[in-house]
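Bear in mind that the values in this text are calculations on the coordinates, not laboratory data. Remember, it's a predicted structure, so these values are computed and weren't measured experimentally. Quick reminder, even Gly has a Cβ in these numbers, built from the backbone with ideal geometry, and neighbours come from all protein chains shown.
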């Protein structure tokens, strides 16, 4: 399985890789530091899953998700954000993402979200979790 992780903070990218790798499955992780690079790598490498931070330089995660969905509609996208709230979740859905996890919930929710998206399901927090 190939997963593209796009976040402008290296510690977040490495943390996501660590959590995913802890499961012990064989995965290939590709990393991007901004949304423009994420779109380029998605087109070049056609990953099985894309994890995008919303707040990135050059091109934010929402704009990157919108572009990727137009070009590669079958690749599931999971949005990450330090922000929570109905507005940011709705913006993620409108951009074409199939899931949303706050960075504060990554440890407890990332693997569940990835599993859901890889099974063609969605993963969004319940409104009471905002």
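Some points to look at:
- Reduced Cα scattering model of the stretch 2-125, Debye log10 I(q)/I(0), q = 0.09, 0.11, 0.23 Å⁻¹: -0.19, -0.29, -1.54
- Gain on full stretching of the segment that runs from residue 22 to residue 122 - 0.36 nm per residue minus C-alpha separation: 33.7 nm
- Size of the stretch 50-120 as Cα extents on the principal axes (Å, biggest first): 31, 27, 20
- Computed E for residue 2/residue 58 - FRET, C-beta separation, R0 25 angstrom, nearest 0.05: 0.65
- Average Cα contact separation per residue, the stretch 2-125, under 8 Å, 6 or more apart, as relative contact order %: 22
- The distance between label points at residue 93 and residue 111 comes to 2.8 nm (points 7 Å beyond Cα on the Cα→Cβ vector).
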